[in-house]
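Engineer: This is the structure I want to talk about, given as structure tokens.
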Amino acid sequence: MNTVQRNTVGTERPSSLRRVKSRRKTVLGLWVALFAESLLLMFFAIKLSMALREVNTLTVIEHKQARQLAEIEPEINKMRHEIANLTASRLPYLKKLDYDAVIPIDQEYVKNIVFTLSGRGAQKNYEYKLVMNNQELIAIHPTVKILFFDRVGIQVGISQIGVDKQGVPTLDVLERGEIKSYSSNIDLADDAKPEYFLVQVKKP
């Protein structure tokens, strides 16, 4: 009986030790995983805190800039109005260049003009469509010159109808009673922004 009991105890003790070691490894693994997760959560918390701090800083700056802009906007509008009045008084024959609006001209056979603006960012494309109506008794060769000016009245571009780039008359004809439209891009100096224009029409 004693021999049997010693053999039984001898076979159970290693198994019990293995279970204890296995539990210890499991607990240790859980602690390591928990520690790693805690570090990860701490890292994301720090990143989130930094991001929130940056957002708050940008929001404060944005609000400050908005207040400053609101404070100086009346002064800017006043200066723009003064410049427009100065330009109008110095060059009274200029017309304000408005986009997507029919601007009446009514000079000789030129009836009206429409300006359009397209593009994005700094890449702007300026175009116009000129409507002509020949009410004369004979056909005519239309010759029109359109000059473009910036805010202070400096000429920044020109477009011509009826002559080529060398100034040679073309063969364009406007028949008696004919209504014709002419469209073209506006060639401007670098970074120029047209705000006024002048139409010069050659009499038939």
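Bear in mind these aren't lab numbers, they're just calculated from the coordinates by the rules spelled out. Just so we're clear, the structure is a prediction, and the values are computed from it rather than from any experiment. Please note: Cβ atoms are built from the backbone with ideal geometry, for glycine as well, and neighbour counts cover all protein chains shown.
Engineer: Note down the nm distance, to one decimal, between modelled labels 7 Å out along Cα→Cβ at residue 22 and at residue 202.
Structural biologist: For residue 22 paired with residue 202, the spin-label model returns 10.5 nm.
Engineer: Arrange 173, 163, 27 by Cβ neighbour counts within 10 Å, fewest through most, would you?
Structural biologist: By the 10 Å Cβ count, ascending: 27, 173, 163.
Engineer: Another question about this same structure. Work out from phi, with θ = phi - 60° and the Karplus expression 6.51 cos²θ - 1.76 cosθ + 1.60, the ³J(HN,Hα) of each residue of region 170-182, listed in order in whole Hz, and give x for Gly and Pro.
Structural biologist: Each residue of region 170-182 in turn: 8, 9, 4, 10, 10, 5, 4, x, 7, 10, 9, 10, 10 Hz.
Engineer: Can you classify region 95-201 as rounded, prolate or oblate using the Cα gyration tensor, where a ≥ b ≥ c are the square roots of its eigenvalues, rounded means a/c under 1.5, and otherwise it's prolate if a/b beats b/c and oblate if not?
Structural biologist: Prolate is the answer for region 95-201, as a/c is 1.5 or above and a/b outweighs b/c.
Engineer: Per q in 0.15, 0.18, 0.19 Å⁻¹, report the Debye log10 I(q)/I(0) for the chain, using one uniform scatterer on each alpha carbon and no solvent.
Structural biologist: -1.05, -1.26, -1.33
Engineer: Can you compute the FRET efficiency between residue 103 and residue 168 using 1/(1 + (r/R0)^6), with r the Cβ-Cβ distance and R0 = 25 Å? Round to the nearest 0.05.
Structural biologist: 0.30
Engineer: List the lysines whose Cα sits under 25 Å from the Cα of residue 203, skipping any in the same chain fewer than 8 residues away.
Structural biologist: The reachable lysines, counting only those whose Cα sits under 25 Å from residue 203, are 95, 96, 111, 129, 145, 165, 180.
Engineer: Also: If contacts are Cα pairs under 8 angstrom and at least 6 residues apart, what is the relative contact order of the chain in percent?
Structural biologist: 18
Engineer: Given R₀ = 35 Å, FRET efficiency for residue 68-residue 120 by Cβ-Cβ distance, to 0.05? Walk me through the numbers on the way to the answer.
Structural biologist: Working: r = 27 Å, r/R0 = 0.77.
For residue 68 and residue 120, the calculated efficiency is 0.85.
Engineer: When 195, 127, 62 are ordered from fewest to most other Cβ atoms inside 10 Å of their Cβ, what list results? It would help to have the intermediate numbers written out before the result.
Structural biologist: On the way: 195 19, 127 14, 62 10.
Ranked by crowding around the Cβ, least crowded first: 62, 127, 195.
Engineer: Moving to a separate point now. Quick one: 98, 172, 191, fewest Cβ neighbours within 10 Å first, how do they rank?
Structural biologist: By the 10 Å Cβ count, ascending: 191, 98, 172.
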